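What follows is one structure encoded as structure tokens, with my remarks underneath.
The values are calculated or read from the model by the stated rules, or taken from the named source; none is laboratory data. In this text, all values refer to a predicted model and were calculated from it rather than measured experimentally. Neighbour counts run over all protein chains shown; Cβ positions are idealised from the backbone, glycine included.
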Amino acid sequence: KAVQKFYHVTIEDIFSHKRNKEIIRPRHVAIYLIKTMTSLSYPDIARECGGKDHTTIMYAEKRIAKDISLDKQLRNEIELIKEMIFQ
């Protein structure tokens, strides 16, 4: 819900098969946060994310992990979302 609120998208959009850029970043961030903040496996996350393939989940998580080291804005966004989660 924190990702939904931060990016002003719906849960349905995040877990849909839409591929427009307004949805992809929030989806990838949500997947990254789920993977790094829980003990769920890639297949478990895939099931929770609308039945996506686990390799899609792996790609999204690794993409955000890589981008965090290069993109200060993304790093800040993720920190703000984490703060929202822990409030």
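A few points about this structure:
- Of residues in segment 54-73 being without any contact (Cβ under 8 Å) to a residue 24 or more places away in the chain and among the acidic types (D, E), the one surrounded by the fewest Cβ atoms within 10 Å (Cβ to Cβ): D71
- For segment 51-87, the set of residues classified as in a helix (DSSP H, G or I) and acidic (D, E) consists of E61, D67, E77, E79, E83, listed by residue number.
- Residue under evaluation L40, criteria (1) part of a helix (DSSP H, G or I); (2) modelled with pLDDT of 95 or more, criterion not met: (1)
- Cβ pairs under 8 Å, 6+ apart, first in segment 11-38 and of a type outside the set (F, W, Y) and surrounded by 14 or more Cβ atoms within 10 Å (Cβ to Cβ), second modelled with pLDDT of 90 or more and outside any helix (DSSP H, G or I): I23/V9; P26/V9; I34/L40
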